[in-house]
Structures are given as structure tokens and as C-alpha cells.
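The values are calculated or read from the model by the stated rules, or taken from the named source; none is laboratory data. Note that the coordinates shown come from a computational prediction; the quantities given were computed from them, not determined experimentally. Glycine gets a Cβ as well: all are built from the backbone with ideal geometry, and neighbour counts include every protein chain shown.
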Amino acid sequence: MNSLPKRLAPSAYIEGILAYDRVVLSKAITLIESTLQSDFVLAREVLQGILPYTQNTKSIRIGITGVPGVGKSTFIDVFGTFITNKCNKKLAVLAIDPTSQRTKGSIMGDKTRMESLSMNKNAYIRPSATGNALGGVARRTRETILLCEAAGFEVIIVETVGVGQSETLVKDMVDFFLLLMLAGAGDELQGIKKGIMEMADAVTITKADDNNVLEANLAKIEYQNALHLFRADNSGWFPQVSVCSALTNKGIKSVWKMVEKYQTITQNNGFFDRNRQQQQISWMHQTIKQILEEQFYQNEIIKNLLPDIEKDILENKIAPTSAAIQLIDFYKNK
């Protein structure tokens, strides 16, 4: 016998989150990730209730991405441990898990890949399966950020699955965007899209240890030269390049110092707040598009018409643009 999952009252979620109750926080995140219509209504109440407690410009949201094999999780484990232990800050890591399209299950287990942080009382790790979300970004990552900030987390790290479409979306929900790169892989800029480089607030060359130190430093110079070719934005910050080793802890403190420097500069010149405000507006527009798309494809008339329309397209009986307009007209006149 199927039954709806047991949920708390909105006030219980809100009070638990504000009291730094990790169990309640996890339940609240599960709630906002749910696709049940009843949960959607409850989630909106919870988000509205914690909203006054999320206006915390002392927090810093950091997006971290990198090519496969760069060691994102290892870096975050060591970097996060430094932030919590040396800087005495509460850290939340939102690790976006790739979801198997066959089994619909998460492929990676982020808590097992971040052994130190998973046992750290000042750290909270939340893996989220991406499902069919664009570019591998979990649908409710933005809401999860707000919940974590309301719970008192001062540093929020969003780890993406790799270089791709997801980076554009993550860039639009964080304050600082860090690109991790490897040295010694041939042409250092080969295969790296210009758009990804332009989005980065900093580039860090990882695994600068043992026999790889020289190559890492050479790669640093190459990236610095490449970044100088890009046009400066209006943040007042010029992207920096560093090298680090999670194995030896070399350069980890320098990466954090870069983040702090960025936060100070952009808060002083007003860009930090303006950027967050613009992200809020962008969030609203993206949500409108998402909801309209979901409603369109869930409509019974559209579901019934779609197979025949698709068949007509395959048989060259109707152009895709005409088919789309026809379907939209049916939806509007339902």
C-alpha cells in the first residue's frame, strides 16, 4: 500500500533549520527536492519562512568545477577541512551527483569521497542526484543554498560534475567560481572552452606535488597569460591563478585567501550585493520557464497529440517550427 511520506509542519522545519538541526535540515532539503504537488506547496511555505534569515552577505557561495580526474572531491575535502578547522567556519558542500539514466540512481557517493569532512562537526555534505536537470545541476540547488544559509553555514560550496553546460547555471548561483585544472596533459588549454575560462574568478592547478611541481608552475604562467586576453568585467576583480596540492596541503591557504580578497573587494565596491540581486531575478525567470515547460508536457491533450505530431515530423509532413506552434496553440486553447 503506497502512502505519502510523513512531513513536518512548516514551523517545525523553520525552527529546526534555524536551530542548526541537521536532521531537520536534511528533511527540508528532501522536501524541496520532492516532485509531489503537496510537497511543492509545503516547500514554498518553508522557503518563505526562512527567507528573512538568508540575507547574510557574510556568507560566501563558491562554485567549484574542473576536468575529470582533476581531484575535485579530494581538493574540497582538504580545502573544506582548512576552512572549518583553521578559519573556524561552518561549511556546507552541495555535491551534484551524476544520475544514471538507466537506473536513475546516483553513481557517486560524495560522503565516501570526502572522508575528513564527512566526520567534521562543522561541515555538512549533501549529495543530490541530478535526474534530468539541465547540465547535471540538481533542480533545487538554489533553494538548498538558502536553507543552508538560514541554518548558519557561512561557506557554501557547490561542486559540479565537470566542465559543461552545468557551469553556466552554477556560475549564476554562486559568488565565486573556481576552476580546477591539471598540468602535464599536453596543451594546457586544449579542450577548455573559452566560455568556461571567462566565467572563472580563479584557476587553480591541482596535484602540484612530487615530479609535477615544475609542470604545475609552467601551467600557471600559461593560464595567467590566457586570462589576460579576456575582457575585464565590472566586479573590480581580475581572475588569479594558483597552484596547490591536496596531498601536501601546499597552496590550500592561498586559495582561501583569494576567496577572502575577492569577497572584500566586491563587497566594498557594491558588486557582491548587485550580483546576488541579479541572480535572484534570473532565478525567477528560470523558474517560470521550468514550470511552464513542465505544465505543457504534463497536459493530457499535449501527451495525446505529441506521438502523432512527432510521427508527422519524421515523415516530413510538417516542419518542426510549425509543429511546435500548433502544439502551443492547442495548449493555449485547451
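Tabulated values for the structure
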quantity: Cβ pairs under 7 Å, 6+ apart, first in the range 307-319 and more than 17 Å from TYR297 (Cβ to Cβ), second surrounded by 13 or more Cβ atoms within 10 Å (Cβ to Cβ) and charged (D, E, K, R); calculated: ILE318/ASP312
quantity: The range 276-318: number of residues that are assigned to a helix (DSSP H, G or I), more than 19 Å from GLU143 (Cβ to Cβ) and not charged (D, E, K, R); calculated: 13
quantity: First in the range 222-248 and in a strand (DSSP E or B), second anywhere and modelled with pLDDT under 85, Cβ under 7 Å, 6 or more apart; calculated: VAL241/LEU227
quantity: Residue match in the range 250-264 (condition: among the small types (Gly, Ala, Ser), in contact (Cβ under 8 Å) with a residue 60 or more places away in the chain, surrounded by 14 or more Cβ atoms within 10 Å (Cβ to Cβ) and in a loop (DSSP other than H, G, I, E, B)); calculated: no
quantity: Hits in the range 1-48 - residues which are in contact with a strand residue (DSSP E or B) (Cβ under 9 Å, 6 or more places away or on another chain), charged (D, E, K, R) and under 15 Å from ALA150 (Cα atoms); calculated: ARG22
